[in-house]
Amino acid sequence: MSEISRATVSDLPELHALVEKYRAFYKQPENDKTLSYLEQRLSNDEAVVFIARVSGEAVGFTLLYPTFSTVSLSSIWLLNDLYVDETARGNGIANELMDVAEAAAKAAGATRVFLRTANDNLPAQALYEGRNWVKDEVFRRYDLVF
């Protein structure tokens, strides 16, 4: 079992290291902007970030963005990032992070949480579906990349 807390600016060094590993998982190179990006999100209260520790060592995180839905006329949250270090996988930490993220969104009044994951990320898909998350069969996603 891990200890999970809401991340603050003081957690940036540990969070930064985990985020770079997460970005590498998605084939993104390390970036000089990562640390300042995270600092801005935390300092401006634009994201809700939870960090998981085992024996005091940061081993995982989840990052959520509160937003809104005109269709449902409610607050909704985007679970944008979830990562557990390879050395700590298989110990239920991802489930623990999901528990905390879902509870925080509900406590804040969100009516739903949504996410996206890579089509080939079968372990993540199994995690979400095992937690009764429902794959969207109604909406198609489009991106415009600049």
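A few notes on this one:
- The chain, helix-only ellipticity at 222 nm - DSSP H runs n ≥ 4, -39,500 (n - 2.57), divided by all residues, nearest 500: -10000 deg cm²/dmol
- Percent RCO, i.e. relative contact order, over the chain, from Cα pairs under 8 Å lying at least 6 residues apart: 20
- Between SER43 and ASN132, the contour length at 0.36 nm per residue exceeds the Cα-Cα span by 28.7 nm.
- Rg/Rh for the chain stands at 0.94; both radii use Cα atoms, and Rh follows the Kirkwood definition.
Taken together, the values in this text are just the output of simple stated rules run on the coordinates, not laboratory data. In this text, all values refer to a predicted model and were calculated from it rather than measured experimentally.
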